[in-house]
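Asker: Please see the structure below; I have some questions.
The values are calculated or read from the model by the stated rules, or taken from the named source; none is laboratory data. Predicted model, so just to flag it, every value in this text is computed and none were measured. Quick reminder, even Gly has a Cβ in these numbers, built from the backbone with ideal geometry, and neighbours come from all protein chains shown.
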Amino acid sequence: MNLNRKAGILLHITSLPNEYGIGDLGSNAYKFVDFLESAGQKLWQILPIGPTGYGDSPYSCFSAFAGNHLFISPEILLNDGLLSEKDIADIPEFSKQKTEYNKVKEYKNSLLKKAFQNFTSKENKFNNEFNTFCNENSYWLDDYAFYMSLKDWHNQDEWSKWEEGLVKRDVGVLKVWSDKLADEILFHKFIQFLFNYQWLKLKEYANSKDIKIVGDVPIFVANDSSEVWGHKELFTIDENGKAISVAGVPPDYFSKTGQLWGNPLFKWKEMEKNDYNWWANRVRHQLKYIDILRIDHFRGFDAFWEIPGGAPTAEKGRWVKGPGEKIFDSLKKQLGELPIIAEDLGVITKSVNELRDKFNLPGMNILQFAFGDGMENKFLPHNYKKNSVVYTGTHDNDTTRGYFEKEKNNKNNIYDHAQEYLNYYGDDLTFELIRTAYCSAADIVIIPLQDILNLGTEARMNFPGTLGGNWVWRFTWDQITENLSAKYKHFTDLYERPPKVRGDVEIDVED
């Protein structure tokens with residue numbers, strides 16, 4: 001995939017400002033698109049958009065296909081006649097700087113139930129569209145809506161703790177429960193319809209401004225998900241939902257015991273029998289909502305770290321060969337050219353690079369990882385490949401300002417090396433790193449909004465390996481200064497993102 005030179009901003013939907021406690025698909029999302037356009041940005045990168053589970057992590061969702069209902073905009077529901085002014089009159093006092101998830105869920109769920117009551121109580125303009133949506137998406141929606149209804153009934157317990165007939169999907173038991181929960185199932189289908197309707201409107205608006213949405217697809221899915229419950233044969237679990245083996249990465253310089261993610265692994269040989277149809281459906285579905293997929297933990301397609309189920313850490317495991325070229329050959333055959341960015345961070349082998357390059361997928365460069373004797377100097381700008389993406393940092397890193405403020409007082413050479421390499425000894429190292437990313441050879445530069453605003457650790461999105469307090473940061477419009485868009489529009493022009501169109505020069509040549 002070749003994208004030519006472009007620039008973009010990383011900002012998750014939850015971080016958008018509004019009065020409803022969490023960023024959503026309403027007017028502030030459209031306002032952010034307008035800001036991107038005025039700043040010359042052609043890409044808006046977001047995190048995974050699925051319905052989040054325990055810990056509110058977008059990388060652990062109840063479905064690989066469904067959308068997060070918390071993104072549904074109350075103001076759009078009001079404009080569409082699904083809510084009244086009275087319905088949204090009593091808005092709790094939410095923090096403007098952080099998402100208070102429990103408080104938001106209670107409020108948003110109550111609004112969505114009112115919208116559903118209004119929808120089912122009378123004929124409205126959405127009836128036909130809703131039926132069409134349900135029919136076209138039945139291959140994932142039926143299981144998901146049923147699954148979420150069962151979770152609601154069982155006080156959000158994981159499916160492996162339900163009664164045996166439900167765990168093992170006994171046909172007779174499923175029929176009894178589907179009849180019992182018919183209204184609840186319809187409700188969950190309805191809110192997925194709303195998400196789909198509002199999201200596609202926003203995507204259409206962004207695309208009309210020549211802005212593409214870069215999405216994020218975690219390679220693995222959560223055990224507590226409708227896909228694992230509905231397709232046990234494709235995952236490394238037994239019929240009772242107990243893990244046979246799980247995902248993670250081995251010990252490295254980030255963690256002495258490795259990272260134990262706990263997701264079930266794919267049974268790749270089983271998936272191959274059906275030409276990786278589950279994956280083709282997943283990618284096809286995601287490409288309805290986003291223009292470019294960033295696949296998290298790309299190296300798992302080449303080889304993955306298999307940890308025994310029930311292991312306390314990721315130390316005892318083994319590398320197992322993944323599907324490699326076969327899955328991408330299959331996806332190309334079914335879907336055509338693959339607009340995929342490969343998240344190729346961490347310990348990357350020659351075979352991972354070969355797999356990435358064979359399918360012409362851009363990899364990632366992280367400037368925060370570049371400096372210091374013990375860091376990965378392949379991330380220094382003079383080593384960048386043209387077909388790659390450069391970031392100052394990601395959602396898992398500290399903000400660039402926060403990172404270098406800590407390193408300034410350490411004796412590991414990181415701060416000094418950065419100053420010397422950049423030939424910059426001023427007070428705004430973050431801005432200098434952004435400028436360096438823009439002028440690099442990498443085709444794509446994407447900067448987290450926190451770095452564009454030069455914010456410190458208080459604006460960090462995630463602290464890996466911790467629970468609680470993550471994924472909460474939000475910006476406010478008063479942080480967007482008057483000259484910010486002009487500054488970045490100048491950068492995109494100066495560093496030709498996108499390239500300037502130049503006419504061919506004709507030269508007379510004598511015979």
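Asker: Any idea which residue in region 239-258 is farthest from the chain's Cα centre (by Cα), counting only those that are over 19 Å from Phe62 (Cα atoms) and modelled with pLDDT of 95 or more?
Answerer: The extreme case among them is Ile244.
One line per residue, one yes/no per condition, for (1) more than 22 Å from Leu25 (Cα to Cα); (2) surrounded by fewer than 19 Cβ atoms within 10 Å (Cβ to Cβ); (3) at pLDDT below 95; (4) in contact with a helix residue (DSSP H, G or I) (Cβ under 8 Å, 6 or more places away or on another chain):
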{"site": "Leu150", "(1), (2), (3), (4)": "yes, no, no, yes"}
{"site": "Glu164", "(1), (2), (3), (4)": "yes, yes, no, no"}
{"site": "Gly172", "(1), (2), (3), (4)": "yes, yes, no, yes"}
{"site": "Leu181", "(1), (2), (3), (4)": "yes, no, no, yes"}
{"site": "Phe187", "(1), (2), (3), (4)": "no, no, no, yes"}
{"site": "Leu202", "(1), (2), (3), (4)": "no, no, no, yes"}
{"site": "Ser208", "(1), (2), (3), (4)": "no, yes, no, no"}
{"site": "Val214", "(1), (2), (3), (4)": "no, no, no, no"}
{"site": "Lys232", "(1), (2), (3), (4)": "yes, no, no, no"}
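Asker: Pairs only if they're at least six apart or on different chains, beta carbon under 9 angstrom, first in region 405-418 and free of Cβ contacts under 8 Å to residues at least 60 places away in the same chain and on the phi > 0 side of the Ramachandran plot, second hydrophobic (A, V, I, L, M, F, W, C) and crowded, with 16+ Cβ neighbours inside 10 Å; list them, first residue then second.
Answerer: From residues that are free of Cβ contacts under 8 Å to residues at least 60 places away in the same chain and on the phi > 0 side of the Ramachandran plot, the pairs are Asn413/Phe371.
Asker: Six or more apart or on different chains, Cβ atoms under 9 Å: show the pairs whose first residue is in region 164-185 and at negative phi and whose second is modelled with pLDDT under 95 and not in a helix (DSSP H, G or I).
Answerer: Correct list of pairs: Glu164/Asn240; Val167/Glu239; Val167/Asn240; Val167/Gly241; Lys168/Glu239; Lys168/Asn240.
Asker: Go through region 34-62 and give me each residue that's of a type in the set (S, T, N, Q), outside any loop (DSSP other than H, G, I, E, B) and closer than 26 Å to Lys6 by Cβ. Give the steps one after another, and end with the answer.
Answerer: Narrowing region 34-62 to residues of a type in the set (S, T, N, Q): 38, 41, 45, 52, 57, 60.
Then keep just the ones that are outside any loop (DSSP other than H, G, I, E, B); that gives 38, 45, 52.
Passing the criteria: Ser38, Gln45.
Asker: If a residue must be touching a Lys or Arg at 6+ places or on another chain (Cβ under 8 Å), of a type outside the set (A, V, I, L, M), more than 19 Å from Pro48 (Cα to Cα) and surrounded by 20 or more Cβ atoms within 10 Å (Cβ to Cβ), how many such residues does region 439-463 contain?
Answerer: Result for region 439-463: 2.
Asker: Same structure again: Where the second residue is polar (S, T, N, Q) and in a loop (DSSP other than H, G, I, E, B) and the first is more than 20 Å from Asp396 (Cα to Cα) and free of Cβ contacts under 8 Å to residues at least 40 places away in the same chain and lies in region 291-319, which pairs have Cβ atoms under 8 Å and are six or more apart or on separate chains?
Answerer: Taking only residues 6 or more apart or on different chains, not a single pair turns up.
Every residue, every condition in (1) assigned to a loop (DSSP other than H, G, I, E, B); (2) crowded, with 23+ Cβ neighbours inside 10 Å, yes or no:
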site	(1), (2)
Asn2	yes, no
Ile22	yes, yes
Phe32	no, yes
Ala64	yes, yes
Asp90	yes, no
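Asker: Turning to a different aspect of this structure: Condition first: farther than 13 Å from Asn397 by Cβ, among the aliphatic types (A, V, I, L, M) and not in a helix (DSSP H, G or I). Now tell me which residues in region 456-497 satisfy that.
Answerer: Hits for region 456-497 are Leu467, Val472, Ile480.
Asker: Also: Working carefully through the options Thr436, Thr430, Thr466, find the one that is within 29 Å of Gly55 (Cβ to Cβ), among the polar types (S, T, N, Q) and either buried (at least 18 other Cβ atoms within 10 Å of the Cβ) or touching a helix residue (DSSP H, G or I) at 6+ places or on another chain (Cβ under 7 Å) (or both).
Answerer: It is Thr430.
Asker: Go through Asn365, Asn353, Asn383 for me and flag whichever is more than 25 Å from Leu429 (Cβ to Cβ) and not hydroxyl-bearing (Ser, Thr, Tyr).
Answerer: Going through Asn365, Asn353, Asn383 in turn, the sole match is Asn353.
Asker: In region 99-133, what residues are in a loop (DSSP other than H, G, I, E, B) and touching a helix residue (DSSP H, G or I) at 6+ places or on another chain (Cβ under 9 Å)?
Answerer: Once the filter is applied, which keeps residues that are in a loop (DSSP other than H, G, I, E, B) and touching a helix residue (DSSP H, G or I) at 6+ places or on another chain (Cβ under 9 Å), region 99-133 yields Thr99, Asn124, Phe126.
Asker: Separate question: Among the residues of region 152-162, write down those that are part of a helix (DSSP H, G or I) and surrounded by fewer than 18 Cβ atoms within 10 Å (Cβ to Cβ).
Answerer: Asp152, Trp153, Ser160, Lys161
Asker: Residue under question is Glu376, and the condition is that it be farther than 29 Å from Ser57 by Cβ and charged (D, E, K, R); does it hold?
Answerer: The answer is no for Glu376.
Asker: A further question follows. Quick check on Gly469: is it at positive phi and without any contact (Cβ under 8 Å) to a residue 24 or more places away in the chain?
Answerer: Criteria met by Gly469.
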